[in-house]
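Engineer: Provided herewith is a single structure, encoded as structure tokens, for subsequent inquiry.
Just so it is clear, none of the values below were taken in a lab; they were calculated from the coordinates. Predicted, not measured: the structure shown is a model, and the values here were computed from it. Note: ideal-geometry Cβ built from the backbone for every residue, glycine included; neighbour counts use all protein chains shown.
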Amino acid sequence: MNTFDYVRPATVAEAVAAASEPGAAYLAAGTNLLDLMKGGVTRPRRLVDIGRLPGLDRIEDLPDGGVRIGALVRNADLAHDRPFARRFPAVAEALLSGASAQLRNAATVGGNLLQRTRCAYFHDVASACNKRDPGAGCDARGGDNRLHAVMGWSERCIATHPSDLCVPLVALDAVVEVEGRAGRRDIPFEMFHRLPQDAPQRESVLEPGEMIIAVRLPAEAVQFAAHARYLKVRERTSYAFAVVSAAAALRVEGDRITQARLALGGVAAKPWRAREAEPILSGARPDDRLFRRAAEAALAEAKPSGDNGFKIELARRIIVRALTLAMAGTPARTPALPASCFAAASGDVIHA
Amino acid sequence: MRISTTLTINGVKKTIELDDPRTTLLDLLRERLNLTGTKKGCDRGQCGACTVIVDGRRINACLALAISHDGADVLTIEGVAQGDRLHPVQEAFIAHDGLQCGFCTPGQIMSAIGLIREGQAGDDPERVREGMSGNLCRCGAYQGITEAVLEAQKALGAASRREVA
């Protein structure tokens, strides 16, 4: 690990000023950053420790019925906050399906949005990687790429975004609050992460020094609470990143879906909102054929970036399964194996 | 750059001069304070051997900078027994053969203490296994570990009920 200057600002304004210098990086829990620094993958000259900035660790109810999650709220605290989990069960399930209990106790919501890809060539400093070293090339293109992107990738980069949390957040129209030298602004979640195009080193729309302050979920997202699930295929039962995952959230009246939200994880450099599938589901009577049609629409633009064509059909099947589970109803309690395709239907359904 | 950091470790307050901001909590415990019960396995947050309890929560000490934990309360494996009296989780690991080589055991025990405090797993073995999935055991003593956690939780529950009564 390279050495660095360590600064601990007392206010957001001080933090933004300190992090606006070239070579500076924000440090929250460090569960991703320190790992990357130990591997020499990132080499910040200055760490701006924002872990103790006051007021950013709260989960607040908003007057309009939405909720505001401070950037420093720990993953475990959010997932186990009962009022939150009741209103946003797919978010809680996604959180609990990610990492380990130790990491969830430390890792923050803001850090989750900014975590880096798990692409092995990004992590291996002996490999060519346009994300780590712009212009160097991409060894993943001709390498072991069965877990890489099938949507929105470019010749420069085929890496995926590893977050579970971000998948239900993009499905539920979350908003990211950021603060920078130019003041505060709101960024719709779907616009927050960038596709690689010709600049894979730019992973979000954050300007230098800009800091995530909070993530807001709008009041209307609560209306999906009775039919919201997250489902994640992993290469082992627990403590693994998604091969493919899906968040499905439905509003159901009588025998019809009145509104649908769908997003995929593990398929692109950003959490992927499957907008093409949503109008197919809205207003329709749910059955397997409908879900399959929605899944086909969601993956219509998918294209293998290497030896990963299987992920396209896997994603379709995960969508059908996630929609089936969401239709069956949110369990009263997050399942023992959150988001697992091995979990039996467990727990009582919250309500019809 | 020399930085002074104060930590309460196993109930004892210590002020430590850090000469390098890169020092992790794990390296501080092992190299500076000779508390080598906390193990360095992968050093990258993947194996759980370095699990300690900081301000009441289990975390990976290898992915925590010591400098950013100034003022924290740290509990390590060295601090869980009371003299010769083992902690109920330690006793249960022995009773259920929750170990073979023993390298992962301090991390397993600290993680189990954390899991029981969190109170999310109840008496469901599946939830215990899931809650302990951040601790790898290459000897494969998982069956014994799960049984030990369940029994220790019962013993601790009984003890706390006695205290209340």
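Engineer: Exposure proxy check: A:TYR26, A:TYR6 ranked by fewest other beta carbons within 10 Å?
Structural biologist: A:TYR6, A:TYR26
Engineer: Going out from 0 in 5 Å bins, what whole percent of all Cα-Cα distances in the range B:3-79 drops into each bin?
Structural biologist: Values per bin, smallest distances first: 3, 18, 31, 30, 15, 4.
Engineer: Nothing charged except the Cβ atoms of Lys and Arg (+1) and of Asp and Glu (-1): what's the magnitude of the dipole of the range A:116-169 about its Cα centre? Round to the nearest 20 debye.
Structural biologist: 80
Engineer: Return the loop-located trypsin sites (Lys or Arg not before Pro) in the range A:129-233 (DSSP other than H, G, I, E, B) with at most 15 other Cβ atoms within 10 Å of their own Cβ; answer none if there are none.
Structural biologist: Answer in residue order: A:ARG146, A:ARG181, A:ARG202.
Engineer: Next question. Can you tally the net charge around A:ARG185? Count Lys and Arg as +1, Asp and Glu as -1, for every other residue whose Cβ sits under 9 Å from the Cβ of A:ARG185.
Structural biologist: Summing Lys and Arg as +1 and Asp and Glu as -1 gives -3.
Engineer: If you place +1 on the Cβ of every Lys and Arg and -1 on the Cβ of every Asp and Glu, how big does the dipole about the Cα centre of chain A come out, in debye to the nearest 20?
Structural biologist: Its charge dipole is roughly 480 debye.
Engineer: When a/c is below 1.5 the answer is rounded, else prolate if a/b is larger than b/c, else oblate, so apply that to the range B:71-135 with a ≥ b ≥ c taken from the square roots of the Cα gyration tensor eigenvalues.
Structural biologist: Because a/c hits 1.5 or more and a/b fails to exceed b/c, the range B:71-135 counts as oblate.
Engineer: Same structure, new question: Could you identify which residue out of B:SER133, B:SER68, B:SER111 has the top mean-square fluctuation in a GNM of chain B using Cα springs shorter than 10 Å?
Structural biologist: So, out of B:SER133, B:SER68, B:SER111, the one fluctuating most is B:SER68.
Engineer: Also, I was wondering about something else. Per residue of the range A:103-114, what does 6.51 cos²θ - 1.76 cosθ + 1.60 with θ = phi - 60° give for ³J(HN,Hα)? Whole Hz please, x for Gly and Pro, Karplus curve as stated.
Structural biologist: 5, 5, 5, 9, 4, 9, 5, x, x, 4, 5, 9
Engineer: So, with +1 on the Cβ of K and R and -1 on the Cβ of D and E, and no other charges, what is the size of the charge dipole of chain B about its Cα centre, to the nearest 20 debye?
Structural biologist: 160
Engineer: Identify, among A:ALA17, A:PHE84, A:GLY30, the residue whose Cα sits farthest towards the positive end of the charge dipole of the range A:1-90, taking +1 on the Cβ of Lys and Arg and -1 on the Cβ of Asp and Glu, with the dipole about the Cα centre.
Structural biologist: Farthest along the dipole direction, towards plus: A:GLY30.
Engineer: Also, quick follow-up: For chain B, report the convex hull volume of the alpha-carbon atoms normalised per residue, in Å³, without decimals.
Structural biologist: 114
Engineer: For the range A:257-295 and the range A:26-51, what is the separation of their C-alpha centers, rounded to whole Å?
Structural biologist: For the range A:257-295 versus the range A:26-51, the Cα centre distance is 36 Å.
Engineer: Still on this model: I need the P(r) histogram for the range A:179-337: all alpha carbon pairs, bin width 5 Å from 0 out to the longest distance, whole percents.
Structural biologist: 1, 8, 15, 19, 18, 16, 11, 7, 3, 1, 0
Engineer: Moving on. Mind checking which of B:ALA92, B:ALA112, B:ALA64 has the largest fluctuation in a GNM of chain B, springs on alpha carbons under 10 Å?
Structural biologist: B:ALA64
Engineer: Please say if the range A:84-136 is rounded, prolate or oblate, where rounded means a/c under 1.5 for a ≥ b ≥ c the square roots of the C-alpha gyration tensor eigenvalues, and otherwise the choice is prolate for a/b larger than b/c and oblate otherwise?
Structural biologist: Since a/c reaches 1.5 and a/b is larger than b/c, the shape of the range A:84-136 is classed as prolate.
Engineer: Sticking with this structure for a sec: Rg/Rh for the range A:5-52: what does it come to with C-alpha atoms and Rh from Kirkwood?
Structural biologist: Across the range A:5-52, the Cα-based Rg/Rh ratio is 0.96.
Engineer: Could you tell me the ratio Rg/Rh of the protein assembly as shown? Both radii from Cα atoms, Rh via Kirkwood.
Structural biologist: Looking at the protein assembly as shown, the ratio lands at 0.96.
Engineer: Please report how far the C-alpha centroid of the range A:81-106 lies from that of the range B:80-148, rounded to the nearest whole angstrom.
Structural biologist: What the calculation gives is 22 Å, centre to centre.
Engineer: Which whole number gives the average, over all residues in B:39-50, of C-beta atoms from other chains lying within 10 Å of the residue C-beta?
Structural biologist: What the average comes to for B:39-50 is 3.
Engineer: Still on this structure, I have one more. Assuming a ≥ b ≥ c are the square roots of the Cα gyration tensor eigenvalues, decide whether the range A:248-315 counts as rounded (a/c under 1.5), prolate (otherwise, with a/b larger than b/c) or oblate.
Structural biologist: Judged from the Cα gyration tensor, the range A:248-315 comes out prolate (a/c at least 1.5, a/b above b/c).
Engineer: A further question follows. Rank B:THR146, B:THR24, B:THR15 by mean-square fluctuation in a GNM of chain B with C-alpha springs under 10 angstrom and give only the top-ranked residue.
Structural biologist: Greatest mean-square fluctuation among the candidates belongs to B:THR15.
Engineer: Using the C-alpha gyration tensor of the range A:123-183, what are the square roots of 5 times its eigenvalues, in whole angstrom, with the largest one first?
Structural biologist: 28, 18, 10
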